[in-house]
Structures are given as structure tokens and as C-alpha cells.
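Step one of this worksheet: look at the structure below.
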Amino acid sequence: MTSQGDDYPTSLLSGVEDATSGDDDQPRQGGLGFGLLILRIGLGVIMGAHGLQHLFGAFGGPGVGGFAHVLEMLGYHKQTTLLSWITGITEVAGGALVIVGLFTPLAAAGLAGIAANIVYVKFHGGFFQGDGRGWEFELLLGLCALALVFTGAGSVSLETNTPWRKRPLPFGVISLLLAAAASVVVIVLAR
């Protein structure tokens with residue numbers, strides 16, 4: 001059986017097309033929900049662990065005071081203690097929300113904003129991490145977060161009947177604009 005005159009069997013296209021699966025009017029998406037769950041867990045755990053390092057010195061991290069000093073070395077000279085708290089809280093809260101799949105566009109946008117700031121300050125240090133000055137890792141984290149801004153959490157999440165799950169693009173754009181504005185404010189006011 002072929003679909004719309006194409007030479008591909010309908011069964012091969014069932015995960016790609018917007019065919020509905022039963023009475024719930026949700027499109028069949030195959031492993032998309034599970035794949036997004038893996039992405040969310042990976043990003044959330046990494047960013048959350050960084051936040052715990054920055055806030056409490058967990059996992060051998062610097063704590064708030066030490067992270068404020070790191071921010072000074074990266075070129076932030078104003079309100080570094082406050083910026084340390086804001087960064088750590090955003091990483092922990094954003095990571096947790098991304099993991100459970102709640103307010104995903106906004107949480108992922110916050111994580112993308114943090115990654116964008118680090119890429120910005122490390123940009124002239126070279127792309128590769130070799131000596132700790134590269135920004136390839138932060139770019140990857142930011143791209144993962146950016147993908148979640150626009151895809152949402154997927155079907156395996158707490159945000160089943162939310163407006164941003166039903167219309168991810170407008171909410172993703174709004175969340176991204178808020179994160180971009182916050183990133184610019186941090187760069188302008190703290191550097």
C-alpha cells in the first residue's frame with residue numbers, strides 16, 4: 001500500500017506523517033518523546049550539577065565566593081556575587097524543570113542564556129577545550145537547550161496539556177527573546 005502516489009509504504013511513513021493514533025488526536029511520533037526525555041535528562045543533570053557546584057561547592061565546585069572570583073577572571077567586574085547566585089539558581093532550577101518537563105521553553109531558554117554568556121566571554125580563547133579556555137562544551141549545551149526551547153519536553157513530561165505544548169513555536173520565541181534580553185543585560189551591566 002502506498003501513500004499519496006509515493007513509492008514508500010504507508011507503514012514506513014506512519015512515524016513521520018501527522019497520522020493520528022486513535023481517539024486522542026495526538027500525532028504519532030514514534031520515539032520522539034523518549035529521545036527528548038534522554039536529551040532533557042542529560043542537559044538537566046549536567047546544568048544542575050554545575051549549579052550545585054556554583055552554589056554549594058558540591059562535586060568539588062567553587063561555591064558562590066569561588067564562582068564570583070571565576071566570573072571576575074572571565075571579565076565580569078560588577079555584582080559578581082549576585083551574578084553567581086543568579087547563575088547557580090538558574091542552572092539548578094532550570095535543570096530540574098527540564099528534567100521533569102515543566103515550563104520547558106522558559107527553563108531551557110534560561111539554560112541557553114547561561115551557555116550563550118559563557119560562549120561570549122570565552123569566544124577569543126579558541127574553540128576547543130584543551131586548556132580550559134575553549135567554548136565547544138558550552139556551545140553544545142546551549143544548542144541542546146535551544147532545541148528544547150522549540151521542541152518542548154515531548155510526550156514523556158509533566159506538561160501534557162499546557163498551551164506551550166500545543167503551540168511550541170510562539171512560546172519558544174517568547175522564551176528565547178526573554179533569555180536573550182537577560183543575557184544582554186548581564187553582559188552590559190556586569191562586564
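If each residue of separation counts as 0.36 nm, what is the full-extension length gain between N161 and R191 once their alpha-carbon separation is subtracted?
Working it through step by step, the gained length comes to 6.7 nm.
Could you tell me what percent of the accessible area of the range 51-191 is made up of carbon and sulfur, with a 1.4 Å probe and every protein chain present?
Answer for the range 51-191: carbon and sulfur cover 74 percent of the accessible area.
Once you keep just the Cα pairs under 8 angstrom separated by 6 or more residues, what percentage relative contact order results for the range 39-183?
For the range 39-183, the relative contact order is 23 percent.
State the extension gain, in nm to one decimal, for the chain segment bounded by F150 and E136, taking 0.36 nm per residue of separation less the distance between their alpha-carbons.
Length difference between fully extended and current span is 2.9 nm.
Output ³J(HN,Hα) for the range 103-108: one whole-Hz value per residue in order, computed from phi by the Karplus curve 6.51 cos²θ - 1.76 cosθ + 1.60 with θ = phi - 60°, and x for Gly and Pro.
6, 4, x, 6, 5, 5
What spacing in nm lies between the two simple spin-label points modelled at F127 and V184, each 7 Å away from Cα in the Cβ direction?
It is 2.7 nm.
Can you give me the accessible area per residue for the range 77-191, using a 1.4 Å probe, in Å²?
53
The values are calculated or read from the model by the stated rules, or taken from the named source; none is laboratory data. Since the structure is predicted, the reported quantities are computational estimates derived from the model, not experimental observations. Virtual Cβ from ideal backbone geometry, glycine too; neighbours counted across all protein chains shown. Heads up: the accessible areas ignore ligands, DNA and RNA and are worked out on the full protein's heavy atoms, side chains in. Shrake-Rupley method; radii C 1.70, N 1.55, O 1.52, S 1.80 Å.
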